[in-house]
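> My questions will all concern the structure given below.
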Amino acid sequence: MTLYARFAAHLDAALDTLVAAGDLPAGLNRAPVTVEPPRDASHGDLATNAAMVLAKPAGTNPRALAEKIAVELRKLDEVEDVSIAGPGFINMKLSDDSWRAELSAIRDAGADYGRATIGRGITVNVEYVSANPTGPMHMGHCRGAVVGDALAALLEFAGHKVIREYYVNDAGGQVDVLARSVHLRYRQEIEGFGAAKLEYLQAQLPGGFYPGEYLIPVASALAEEFGDRYILAPESEWLVLFRKAAVAAMLEMIRADLALLGIHHDLFSSEAELQAEGKPEAAEAELRARGLIYDGVLEAPKGQEPEDWEPVVLPLFRSTQFGDDQDRPIKKSNGQWTYFGADLAYHYQKAQSADALIDIWGADHAGTVKRITAAVQALTGGKTRFDVKLVQMVRLLRAGEPVKMSKRSGNFVTLADVVREVGKDVVRFTMLTRKADAQMDFDFAKVVEASKDNPVFYVQYAHARIASLHRRAAEANIVCDGVDLSQLDTEDLALVKLAAQFPRIVETAATAREPHRIAFYLYDLAASLHAQWNVGNDRVDRRFLIADNPAITCARLFLADAIGQIIRNGLGIMGVVAVEEMN
């Protein structure tokens, strides 16, 4: 049991004692009670709001209740002092031995330190990336991919069972454009015409054209298999075949691109298969049976003259019953499913095998959140938690100038290009250095800069420094057969106080669905390690390695190893390797 969990149990026992003594009513909701670091470190090591949140339902004064709780907490051997601040906040100062015990707990738990059980028995479906299968991954997809993958790992670390899912949008008009683009490249392979005719013919294609050279291998494979069979054939004969081949090839490319980032999904779900299996019809039938879909007419679009608008009866979902600002059509006037209708069925399918759903979307999809939230609530009777994490685009800079990323033009920076240039770990860590919904610049120079201002370097350097200690200790012939942690003083133990927060950071980050909190925490932990290391540059007695004092050296090596373990655990959640050396 970690320190914060242990003191939550101590506090619970203290409240039980007050209940038994008649000083506190039984049955109070203790869920809002917290044990956490005080905002001001000078107030102590731990703080609790117990008296503040329980006083009102208990019908008593917060400060009076705080005094009674403090009496019980002062009985603990681990507590040196208890004080009451303001109207009833309780602050505790812990003994150095309690921090030494936590240091041992970190080393004993190793890779499991910080693992939580808050997700035990809960299956979460995390759907992320889900880029249209029309080409290689580019940097516009990168941030959502990393956020989703790190969130999935964070939830697993917190005890959840996680399903990593990629939704393949292979039923819309964009894949028909892809198929036609491949067919044109196929004709070019067979007929051998040049760039001028290619440019002329692509201008004739309905819906635009994907001109990227990544389509040439697909076209070549089709040309080798079918020869000139489909050169002059009508579109109806080859569109489905070429679409299927193109989507399969693009998904293979996408999987390879994601693998460069260390991302692997458990499940790829096809929108086309979803519709072919009649899932949208099943969802519609379910909602109609419950009176949540009706046939009606939408209001005229705002700003449109009545004579320019023709009312059409459409099947509408009563999303206004669930907080949306208007009811939503699930089909178009031509009978095809709307994007919402298809998404509704897809989420209905996901909810069959998960207790909670999380979608990672680009910020440009913000307008869809209310309607899908309403749909999930309706389809699951409110039993399935649904969260959408909106991810802002990344502005990619090179030499201070924005880099264009247009897939249609064929002139874009691929994710693979960036990973090969700066490395997987740099890309992943950088994508988690801001809240997902905050704007971000990715500057090629800054992300590889060896400075405190670059979080990637700063955290990796902290781990490399710790790893170097063992090499230097071996060179100094220092052997640590046993470790006396009493050698560590209050200044040393300041690092442990921050390290001990890792389990609660994991829990709060998992609860909030915010993996960037791990990156923020690791930066603070690294900063503390560097600060303590730098003190040793000026004071020999504060160095981690003191050649003529093996006892203190072994104790500080033990401390450094524990910090290194937490850095590895945190980086593991982020999908980043903890390096042993920095070049």
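The numbers here are math on the coordinates, done by the rules we state, and not lab data. Model, not experiment: these values are computed from the prediction. We place every Cβ from the backbone using ideal geometry, glycine too, and count neighbours over all the protein chains shown.
> Report the local net charge at Asp489: Lys and Arg +1, Asp and Glu -1, summed over other residues whose C-beta lies under 14 Å from its C-beta.
On the way: positive: Arg100, Lys497, Arg539, Arg542, Arg543, Arg556; negative: Asp96, Asp97, Asp484, Glu491, Asp492, Asp541.
Value of the local net charge: 0.
> A further question on this structure: Relative to the longest principal axis of the chain, what angle (0 to 90°, nearest 10) does the C-alpha long axis of helix 216-226 take?
50 degrees
> With both partners inside the chain, how many of the DSSP beta bridges are antiparallel, as a percent to the nearest 5?
50 percent
> Also, quick follow-up: Taking the Cα centre of each part, how many Å lie between the stretch 1-80 and the stretch 249-322?
A separation of 49 Å, based on Cα centres.
> Check Gly362: other-chain or 5+ apart residues with amide H under 5 Å from its amide H, H built from backbone geometry?
Under 5 Å from the amide H of Gly362 lie the amide H atoms of Val391, each far enough along the sequence or on another chain.
> Shifting gears a bit: Going by amide H atoms built from the backbone, whose H comes under 5 Å of the H on Met440, apart from near neighbours?
Arg395
> Additional query: How many angstrom separate the Cα center of the stretch 428-451 from the Cα center of the stretch 346-405?
Spelled out, the Cα-based centre of one part sits 22 Å from the other.
> To the nearest 20 debye, what charge dipole does the stretch 463-502 have about its Cα centre, counting +1 at the Cβ of each Lys and Arg and -1 at the Cβ of each Asp and Glu?
260 debye
> Could you put Asp481, Asp325, Asp97 in order, starting from the residue whose Cβ has the fewest other Cβ atoms within 10 Å?
Least to most surrounded, the residues fall as Asp481, Asp325, Asp97.
> Quick one: order His138, His264 by neighbouring beta-carbon count within 10 Å, fewest to most. Intermediate values should be presented prior to the final figure.
Working: His138 20, His264 11.
Listing His138, His264 from fewest to most nearby Cβ atoms yields His264, His138.
> Which whole-Hz ³J(HN,Hα) couplings does the stretch 422-431 yield from phi under the Karplus relation 6.51 cos²θ - 1.76 cosθ + 1.60, θ = phi - 60°, glycine and proline marked x?
So the J values, rounded to whole Hz, are 10, x, 4, 5, 5, 4, 5, 4, 4, 5.
> Something else now. Taking square-rooted eigenvalues a ≥ b ≥ c of the alpha carbon gyration tensor, is the stretch 3-94 rounded, prolate or oblate, where a/c under 1.5 means rounded and, failing that, a/b exceeding b/c means prolate? The partial results should precede the final answer.
Details: a/c = 1.64, a/b = 1.39, b/c = 1.18.
Since a/c reaches 1.5 and a/b is larger than b/c, the shape of the stretch 3-94 is classed as prolate.
> Next question, about the same structure. For a test of the definition: using alpha carbon positions, the gyration tensor, and the 1.5 limit on a/c, classify the stretch 450-574 as rounded, prolate or oblate. Working shown, then result.
Details: a/c = 2.13, a/b = 1.77, b/c = 1.21.
Prolate shape, in that a/c is at least 1.5 and a/b is the bigger ratio.
> Moving on. Go through Lys244/Lys370; Lys244/Lys279; Lys161/Lys350; Lys161/Lys389; Lys302/Lys332 and tell me which ones have a Cα-Cα distance over 23 Å in this structure.
Over 23 Å apart, Cα to Cα: Lys244/Lys370.
> Same structure, new question: Among Pro280, Gly367, Ile69, whose Cα projects farthest towards the positive end of the dipole of the chain, with charges put on the beta-carbon of Lys, Arg (+1) and Asp, Glu (-1)?
Ile69
> Which of Gly135, His463, Val496 sits farthest toward the positive end of the charge dipole of the chain, with +1 on the Cβ of Lys and Arg and -1 on the Cβ of Asp and Glu?
The residue sitting most towards the positive pole is Val496.
> Using just the helices of the chain, give the 222 nm mean residue ellipticity in deg cm²/dmol: DSSP H runs with n ≥ 4 each add -39,500 (n - 2.57), and the total is spread over all residues, rounded to 500. Numbers along the way, then the final one.
Numbers: 20 runs with 284 residues, N = 583.
Theoretical 222 nm ellipticity from helices: -16000 deg cm²/dmol.
> Now, a different point. Dipole size in debye (nearest 20) for the chain around its Cα centre, Lys and Arg Cβ +1, Asp and Glu Cβ -1?
Here the size comes out at about 380 debye.
> Can you list residues whose amide H is under 5 Å from His138's amide H, if they're 5+ apart or on another chain and H is modeled 1.01 Å from N?
Leu415
> Same structure again: Rounded, prolate or oblate: pick one for the chain, where a ≥ b ≥ c are the square roots of the eigenvalues of its C-alpha gyration tensor, a/c under 1.5 means rounded, and failing that, prolate if a/b is larger than b/c, else oblate.
On the way: a/c = 2.99, a/b = 1.54, b/c = 1.95.
Oblate shape, in that a/c is at least 1.5 and b/c is the bigger or equal ratio.
> Which is farthest toward the positive dipole end of the stretch 3-94 among Asn49, Gly59, Pro32, measuring Cα position about the Cα centre, with Cβ charges +1 (Lys, Arg) and -1 (Asp, Glu)?
The one lying farthest along the dipole's positive direction is Gly59.
> Also: Run the dipole for the stretch 3-94 about the Cα centre, Lys and Arg Cβ at +1, Asp and Glu Cβ at -1, nothing else charged, and hand back the magnitude in debye, nearest 20. Mind dumping the intermediate values first?
On the way: 9 positive and 12 negative charges, 60 e Å.
With Lys and Arg at +1 and Asp and Glu at -1, about 280 debye.
> Trypsin sites (Lys or Arg not before Pro) within the stretch 393-498: which are DSSP loop residues with at most 13 other Cβ atoms inside 10 Å? Walk me through the numbers before you get to the answer.
On the way: sites: Arg395, Arg398, Lys404, Lys407, Arg408, Arg420, Lys424, Arg428, Arg434, Lys435, Lys446, Lys452, Arg465, Arg471, Arg472, Lys497; in loops: Lys404, Lys407, Arg408, Arg434, Lys435, Lys452.
Hits after loop and neighbour filter: Lys404, Lys452.
> Could you let me know the centre-to-centre spacing of the stretch 164-232 and the stretch 537-561, using Cα atoms, in angstrom?
For the stretch 164-232 versus the stretch 537-561, the Cα centre distance is 65 Å.
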